[in-house]
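A short write-up of the structure that comes next.
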Amino acid sequence: MKIFRPLLWLALSLMSATTTAQTLTAEHLAGIPLEECAAARSVKLTGQLAATAPWSNRGGTDWRQLRDVCWQVRHIDLSEAQADVVPDNALHSRHHLQSILLPQGVREIGSQAFFACDSLEEIVIPATVERIGQSAFSQCRRLKRVVFEGAPVVGDFAFAGCPALTDVKVQGSGRPQFSVLAFYGTRSIYEEDLMDLDTLSTQPCLVPQPAVLRCGEGDGFEWADIKQVRAPKSLANERAHLLTLLEEATNFDPKANPKAHLSITLAIDASLPDAEAYVLDATAEGLTITGGSPAGVFWGIMTLRQLLLDSNGTRYDRYSLAPIHIEDQPRLHIREVMVDPARTFIPMSELRKLVPVLAQYKFNALHLHLSDDQAWRMEVKKYPLLTQKASTRLGMDDMLMPNPGYYTQKEMKEFVRYAAQYHMIVIPELEMPGHEVAAIHAYPHLTCGGVQVPMRTICGVSNELLCPGKPSTLQFVKDVLKEYKDIFTAPYVHLGGDEAGMPPLGNWTNCSDCQQLKRQLGIAPVDQRADNWRLQKYLFDETITYLRDELGKTPMYWYEPDFKEIQSGCVTFAWRGGQTNMAIESAQQNGVKVMLCPGDHCYFDYPMTRGDMPEVNWGMPVLSLKAAYGLDPAWGHDESFERETIFGVAGTLWGESINSPERITYQLFPRGFALAEAGWSPQSVRQYEDFLRRIHPHMMDLQRRGVSVSLQHLR
Ligand code: TNX
């Protein structure tokens with residue numbers, strides 16, 4: 001191998017000799033112009049690589065820049081660089097990466113270091129490597145050959161989901177120590193070296209924790225003894241989900257056992273305390289799941305799936321189910337996750353993958369932030385330029401990678417139907433009047449002065465706003481909402497409303513159309529800022545009336561402290577860290593409800609620990625797992641407050657710094673488990689230490705299935 005490496009590099013350099021600008025050789029990437037990094041196809045670094053770097057410096061470490069800044073890099077040569085470790089997530093989901101020579105003296109390859117590097121075909125693990133972390137090469141779908149020059153300890157799922165991997169060579173004198181799960185979903189190689197799985201817990205590990213859970217004594221039943229699944233026609237969808245689960249997780253097979261005699265019964269009992277409530281009973285006589293509605297039955301099936309996972313989350317208990325009795329119902333009726341395809345497009349195939357994962361934890365709403373300054377992602381038939389001219393994000397801060405993509409109405413309708421099978425509604429968001437540069441770029445008449453503005457390529461807030469002074473703006477908003485109405489069947493539509501300009505709404509001050517509208521509305525000049533807020537109120541009043549009264553939808557929007565009057569029948573989102581009390585007060589004064597998504601607990605785009613992804617951002621605070629778990633859906637008040645004022649909980653995954661779809665789940669879990677539990681479980685069964693015990697199998701289950709999760713809370 002010692003001869004092989006320089007030869008490989010020589011060949012690669014020759015291949016790219018005609019395009020020298022695409023080959024970058026340097027000690028470090030800091031100081032190399034961003035454009036050169038972005039253009040590089042081959043990068044060779046020769047210095048001492050640091051695994052950690054000061055918070056938010058330009059570009060972060062060499063590793064982070066190789067991953068996010070050098071977005072076209074195919075070949076990385078670090079054979080003349082020195083490093084102790086390849087850090088966790090070093091090249092997470094870099095789909096272009098074809099080859100890498102690891103640095104000298106490297107002792108450790110961190111967890112998910114090469115997660116989903118699915119163009120990588122070969123990797124040589126140098127003799128110095130002592131440890132390879134969890135999921136290090138998971139989902140490297142084209143990886144064919146791994147050469148171990150030494151004998152490292154190889155962690156769970158390190159080479160999971162690598163179906164092309166057929167050639168594993170051990171060249172050193174020792175034998176690597178493979179976790180039994182190291183090659184999960186790939187193949188079992190070196191079974192004699194497999195380490196035993198620990199058995200961690202014998203109690204059920206359910207997330208969210210049910211309201212009432214009683215483990216029975218004695219025997220339950222064997223799946224082989226189940227003869228039939230009984231369900232009324234109205235539960236055909238739930239029955240289908242159950243059969244898929246049984247096929248995957250148990251040896252249920254009525255044809256194979258003529259003595260099978262037990263039943264599974266799915267039923268609806270409208271007298272249960274809530275439509276989403278369910279009761280699950282497993283006894284020696286079989287299994288029943290009764291729900292207040294099909295949704296309740298479905299959540300019961302999701303609980304059953306968790307009961308079938310073994311305590312490691314890596315296998316199903318295929319043969320039997322111990323006796324158990326569960327009575328359960330949600331604490332809040334909307335448990336939402338918001339994703340941001342506007343900033344980082346989420347291809348439809350990836351969006352679909354999120355649905356079953358979220359449903360497993362009883363989330364019932366997916367909120368799509370479909371447009372923003374950086375791109376517009378939803379087809380609107382009446383305004384074709386939105387997607388023709390403005391559906392590619394051109395770059396984001398130091399990441400110059402273009403990010404194209406939008407959803408057609410046809411595929412979105414299909415998606416909404418698909419999500420409904422998982423009892424999940426899809427809430428669209430049309431941002432206004434700020435965060436709408438992409439629309440303005442496509443249709444300049446939407447802004448004050450009709451100026452042509454470029455697409456935004458940095459994060460933060462733009463002063464370019466929709467102009468309320470022109471009737472065509474309101475027409476645009478109504479037209480878009482009208483098209484959204486038929487695509488998104490959910491009863492809610494989000495209208496944005498946040499962060500419109502710095503100073504807020506300042507752009508409206510000198511606009512003749514806005515001044516004209518102020519006169520028309522009788523807004524006598526008092527104070528420009530307050531006057532502009534009255535224009536915002538006008539724009540929202542008109543839009544809300546149309547949306548609520550003509551389209552029959554409940555409007556939602558982000559709470560802003562200046563926007564004091566919340567129209568009846570709306571839902572306001574309390575999002576700004578430290579300002580939840582203010583949002584609640586306003587909501588109470590206006591008799592409307594609040595969606596809780598305070599930045600202090602629910603912003604999962606923030607890093608979970610210092611140095612976790614996204615290492616480089618606009619200065620985001622750390623949001624720990626414990627802080628996420630600390631969300632109190634009553635916000636310190638009593639039950640009647642909660643019932644009257646709280647609409648639901650939401651977690652946000654703003655996409656500026658999440659630059660691959662795989663990183664959405666990375667940011668979401670495990671903090672999303674905490675949110676799921678806050679929104680579902682009664683306070684009396686919530687306890688952080690116990691939660692940490694219960695999430696373990698789910699972290700393993702997600703990794704087993706190739707879903708990226710952050711492991712930084714374990715560090
Ligand atoms: C503020 S949160 C925004 C978003 C950004 C986010 C980044 C909110 C309502 N507005 O536009 O993406 O910060 O965390």
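Once each part is reduced to its C-alpha centroid, what is the distance from the stretch 374-406 to the stretch 426-473 in angstrom?
After rounding, the separation between the Cα centres reads 13 Å.
Whenever you get a sec, compute what percent of the accessible area on the stretch 277-413 sits on carbon and sulfur atoms (1.4 Å probe). Could you put the intermediate results ahead of the total?
Numbers: 2120 of 3850 Å².
Exposed carbon and sulfur together represent 55 percent of the surface.
Leaving out same-chain residues fewer than 8 places away, which aspartates and glutamates sit with a Cα under 16 Å from that of Lys482?
Glu379, Glu429, Glu431, Glu542, Asp549, Glu550
With a 1.4 Å probe and all protein chains kept in place, how much accessible area does Ile458 have, in Å² rounded to the nearest 10?
80 Å²
Could you work out how far apart the two model spin labels at Glu411 and Ile458 are, taking each label as a point 7 Å from the Cα in the direction of the beta carbon, and quote it in nm?
3.2 nm
When only C-alpha pairs under 8 Å and at least 6 residues apart count, what is the relative contact order of the stretch 579-712, in percent? Intermediate results must be reported in sequence, preceding the final value.
Details: 167 pairs, mean separation 37.0, N = 134.
This gives 28 percent for the stretch 579-712.
Report, to the nearest whole %, how much of the accessible area of the stretch 571-715 belongs to carbon and sulfur atoms, 1.4 Å probe, protein only.
Working: 2280 of 4610 Å².
That fraction is 50 percent.
How large is the charge dipole for the stretch 238-310, taken about the Cα centre, if only the Cβ atoms of Lys, Arg (+1) and Asp, Glu (-1) carry charge, to the nearest 20 debye?
240 debye
Carbon and sulfur: what percent of the stretch 105-162's accessible surface (1.4 Å probe)?
Carbon plus sulfur share of accessible area: 44 percent.
Around Lys553, which amide H atoms from residues at least 5 apart in sequence, or from another chain, sit under 5 Å from its own amide H, with H modelled in the peptide plane?
Arg548
For the stretch 491-588, state which GluC sites (Glu not before Pro) are in a DSSP loop and have at most 15 other beta carbons lying within 10 Å of their beta carbon. Provide the component values of the computation, followed by the final result.
Details: sites: Glu499, Glu542, Glu550, Glu565, Glu585; in loops: Glu499, Glu565.
The qualifying sites are Glu565.
Return the FRET efficiency for the residue pair Glu499, Tyr688: r is the Cβ-Cβ distance, R0 is 25 Å, and the value is rounded to the nearest 0.05.
Working: r = 33 Å, r/R0 = 1.31.
Given R0 = 25 Å and the Cβ-Cβ separation, E is 0.15.
Could you list which residues have their amide H under 5 Å from that of Phe573, counting only those 5 or more apart in sequence or on another chain, with H placed in the peptide plane?
Those lying under 5 Å, H to H, from Phe573 are Tyr557, Trp558, Tyr559, Met595.
Using the crude model of +1 on Lys and Arg Cβ and -1 on Asp and Glu Cβ, and no other charge, please compute the dipole size for the chain relative to its Cα centre, in debye to 20.
Working: 68 positive and 84 negative charges, 307 e Å.
In debye, rounded to 20, the chain gives about 1480.
Let a ≥ b ≥ c be the square roots of the eigenvalues of the Cα gyration tensor of the chain; is it rounded (a/c under 1.5), or, if not, prolate (a/b larger than b/c) or oblate? Walk me through the intermediate numbers first.
Working: a/c = 2.05, a/b = 1.11, b/c = 1.85.
Oblate, because a/c is 1.5 or more while a/b does not exceed b/c.
When all protein chains stay in place, what accessible area (Å², nearest 10, 1.4 Å probe) is found for Cys459?
Looks like 20 Å² after rounding.
Give the cross-link partners of Lys169 among the lysines, using a straight C-alpha distance below 21 Å as the criterion and excluding same-chain residues fewer than 8 apart.
Those lysines meeting the cut-off are Lys2, Lys144.
How much area per residue is accessible in the chain when the probe is 1.4 Å and only protein heavy atoms are counted (Å²)? Intermediate values should be presented prior to the final figure.
Numbers: 26820 Å² over 715 residues.
Normalised by residue count, the accessible surface of the chain is 38 Å².
Longest span of the chain, sites excluded, free of chymotrypsin sites (Phe, Trp or Tyr not before Pro) in DSSP loop with at most 15 other C-beta atoms within 10 Å? Intermediate values should be presented prior to the final figure.
On the way: sites that count: Trp55, Tyr190, Tyr319, Trp618.
Maximal segment without exposed cleavage sites: 320-617.
Which one, Leu97, Trp575, Ala182, projects farthest toward the positive side of the charge dipole computed for the chain from Cβ point charges (K/R +1, D/E -1)?
Ranked along the dipole, the leading option is Leu97.
May I have the count of lysine pairs in the stretch 293-430 with C-alpha atoms under 23 Å apart, counting pairs 8 or more residues apart or located on different chains?
11
Scan the stretch 258-316 for trypsin sites (Lys or Arg not before Pro) in coil per DSSP, keeping those whose Cβ has at most 15 other Cβ atoms within 10 Å, and list them by number. Don't jump to the answer; show the numbers that get you there.
Working: sites: Lys259, Arg305, Arg315; in loops: Lys259, Arg315.
Sites meeting the loop and neighbour criteria: Lys259.
Which lysines does Lys227 reach when only Cα atoms under 20 Å apart count, and residues fewer than 8 places away in its own chain are ignored?
Of all the lysines, those that pass the test against Lys227 - Cα under 20 Å, at least 8 places apart if same chain - are Lys255, Lys259.
Simple spin-label model, 7 Å along Cα-to-Cβ: Glu35 to Ala267 in nm?
7.3 nm
Can you tell which of Leu78, Gly619, His637 lies farthest toward the positive end of the dipole of the chain, using +1 and -1 charges on the Cβ of basic and acidic side chains (Lys, Arg; Asp, Glu)?
Leu78
Check each of the trypsin sites (Lys or Arg not before Pro) in the stretch 349-382 and keep only those in coil by DSSP with at most 14 other C-beta atoms within 10 angstrom; list them in order.
Values: sites: Arg352, Lys353, Lys362, Arg377, Lys381, Lys382; in loops: Lys362, Arg377, Lys381, Lys382.
Here the trypsin sites (Lys or Arg not before Pro) that fit, given the DSSP loop and packing criteria, are Lys381, Lys382.
Taking 8 Å as the Cα distance limit and 6 or more residues as the minimum spacing, I'd like the relative contact order of the chain as a percentage. Could the numbers behind the result be given before it?
On the way: 1671 pairs, mean separation 71.9, N = 715.
Worked out over the chain, it gives 10 percent.
The values are calculated or read from the model by the stated rules, or taken from the named source; none is laboratory data. Because the structure is predicted, anything quoted here is derived from the model rather than measured. Positions of Cβ are backbone-derived with ideal geometry, glycine not excepted, and every protein chain shown enters the neighbour counts. Accessible surface areas use protein heavy atoms only, side chains included; no ligands, DNA or RNA. Shrake-Rupley method; radii C 1.70, N 1.55, O 1.52, S 1.80 Å.
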